[in-house]
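Participant: I am attaching a structure below and will ask some questions about it afterwards.
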Amino acid sequence: MEKKIAFITGATSGIGWSTAIQMAEVGYAIIGCGRRSDRLDELKQTLPEGTPFHPLTFDVSKKADVYKAIDSLSAEWKKIDVLINNAGNAHGLDFIHEGNVDDWDAMMDINVKGLLYVSKKIIPGMVERKSGQVINIGSIAGKEVYPRGNVYCGSKYAVDAITKGMRIDLNPYGIKVMGIHPGMVETEFSLVRFKGDEDRAKTTYQGYDALTADDIADIIVFAVTRPPHVVMADVLILPLDQASTMVINKKTS
Ligand code: NDP
Ligand code: 8X3
């Protein structure tokens, strides 16, 4: 493969979708992942013409499926230059004593263990080649806890800690490791958190200009286009109207 290869989880929607397009625009071949294969077909049609694209349909929380999907790549596609661990969601927004255990399982299994399963299959190749870049999508929820954020925040604090651990352990191998921690980004995120309640999801982004998925993709492209000696290690990115998880300057009229 002449082009560098980016492996993007959660490429069927939101941040991952925009990242696939912007990475292709700067010359990357794309491995796009997600559970919805129809969306991956749609993504393929949306990418700049001539972009080498390999869809992989799997659930990141199912270890055997993750391994099978990544093992199915040809030797050429296995030489992944950039791994973007983006797949994830919040499930529910409940006080800890009222939380749904299935939601807790989903957030830990997808946001934390899913990231680890994918990393386990891809990072050893980077270590062998002594090159590569890992970009983990955390959240402002991994930097500060808010009411009813409990387990989602826990999952994103874990992503932050794992990212820092990766940077330390991979330091001898010339592998760049970055965490990106966005505030409010208007995607399907709230639709998933509120289990398909469109009105509630929409309200989350009303009264201020939330970030867009493209804003996060911009940061990713900036990070992967730095000179070899430069690592963008940690970025907290917020909408202008957001000062913290709980302080958002919403206009009421
Ligand atoms: P979206 O809901 O738009 O996208 C989530 C993506 O994750 C989808 O492509 C979805 O694909 C994939 N995904 C979810 N669960 C699984 C699973 N079990 N297996 C495989 N893929 C899965 O949300 P965002 O784009 O906003 O979210 C992307 C990341 O950004 C997440 O990690 C989120 O926590 C983080 N984030 C989002 C913020 C926001 O305000 N939107 C703020 C801070 C961080 P599919 O359903 O096809 O499997
Ligand atoms: C998404 C942002 O504040 O809803 O990670 O947790 S927040």
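The values are calculated or read from the model by the stated rules, or taken from the named source; none is laboratory data. As the structure is a computational prediction, the values presented were derived from the model and not from experiment. Using ideal geometry, Cβ is built from the backbone for each residue, glycine included, and neighbour counts are taken over all protein chains shown.
Participant: Just to verify a result, which residue in the stretch 128-176, among those that are among the basic types (Lys, Arg) and more than 15 Å from the chain's Cα centre (by Cα), is nearest to ligand 1 (Cβ to nearest atom)?
Facilitator: Across the stretch 128-176, the extreme among qualifying residues is LYS143.
Participant: Against the definition (more than 16 Å from ligand 2 (Cβ to nearest atom), surrounded by 15 or more Cβ atoms within 10 Å (Cβ to Cβ) and either modelled with pLDDT of 95 or more or over 25 Å from THR245 (Cβ atoms) (or both)), how does ASP105 come out, yes or no?
Facilitator: Judged against the criteria, ASP105 is not a match.
Participant: Out of TYR205, TYR173, I need the residue that is farther than 21 Å from ILE123 by Cα and surrounded by 14 or more Cβ atoms within 10 Å (Cβ to Cβ). Which one?
Facilitator: Criteria check complete, one pass: TYR205.
Participant: I'd like the residue in the stretch 185-199 that is more than 6 Å from ligand 1 (Cβ to nearest atom) and not in a helix (DSSP H, G or I) and, out of all such residues, is farthest from the chain's Cα centre (by Cα).
Facilitator: Checking each candidate, the answer is ASP197.
Participant: So which of VAL177, VAL118, VAL159 ends up being away from ligand 2 (no atom under 13 Å from the Cβ) and closer than 20 Å to GLY34 by Cα?
Facilitator: Only one candidate qualifies: VAL118.
Participant: Another question, if that's okay. Quick one: is ALA141 in contact with a Phe, Trp or Tyr (Cβ under 8 Å, 6 or more places away or on another chain), in contact (Cβ under 8 Å) with a residue 40 or more places away in the chain, surrounded by 15 or more Cβ atoms within 10 Å (Cβ to Cβ) and in a helix (DSSP H, G or I)?
Facilitator: So ALA141 fits the description; yes.
Participant: Does ILE180 qualify as being among the β-branched types (Val, Ile, Thr), under 23 Å from TYR117 (Cβ atoms), buried (at least 18 other Cβ atoms within 10 Å of the Cβ) and modelled with pLDDT of 95 or more?
Facilitator: Yes, satisfied.
Participant: Just to be sure I understand, how many residues within the stretch 45-83 are under 19 Å from VAL221 (Cα atoms), in contact with a Ser or Thr (Cβ under 8 Å, 6 or more places away or on another chain) and surrounded by fewer than 22 Cβ atoms within 10 Å (Cβ to Cβ)?
Facilitator: Number of matching residues: 1.
Participant: Tell me, please, whether a residue that is at positive phi, within 13 Å of ligand 1 (Cβ to nearest atom) and surrounded by 20 or more Cβ atoms within 10 Å (Cβ to Cβ) can be found in the stretch 10-24.
Facilitator: For the stretch 10-24, residues at positive phi, within 13 Å of ligand 1 (Cβ to nearest atom) and surrounded by 20 or more Cβ atoms within 10 Å (Cβ to Cβ): present.
Participant: Return yes when VAL221 is away from ligand 1 (no atom under 14 Å from the Cβ) and either at pLDDT 95 or above or surrounded by fewer than 19 Cβ atoms within 10 Å (Cβ to Cβ) (or both) and no when it is not.
Facilitator: Taking the combined requirement at face value, the residue satisfies it.
Participant: Tell me which strands (runs of 3 or more DSSP E) are completely within the stretch 1-88 and hold 1 or more residues being under 25 Å from ASP102 (Cβ atoms) and of a type outside the set (Gly, Ala, Ser), or say none if there are none.
Facilitator: Here the list reads 29-34, 53-57, 82-85.
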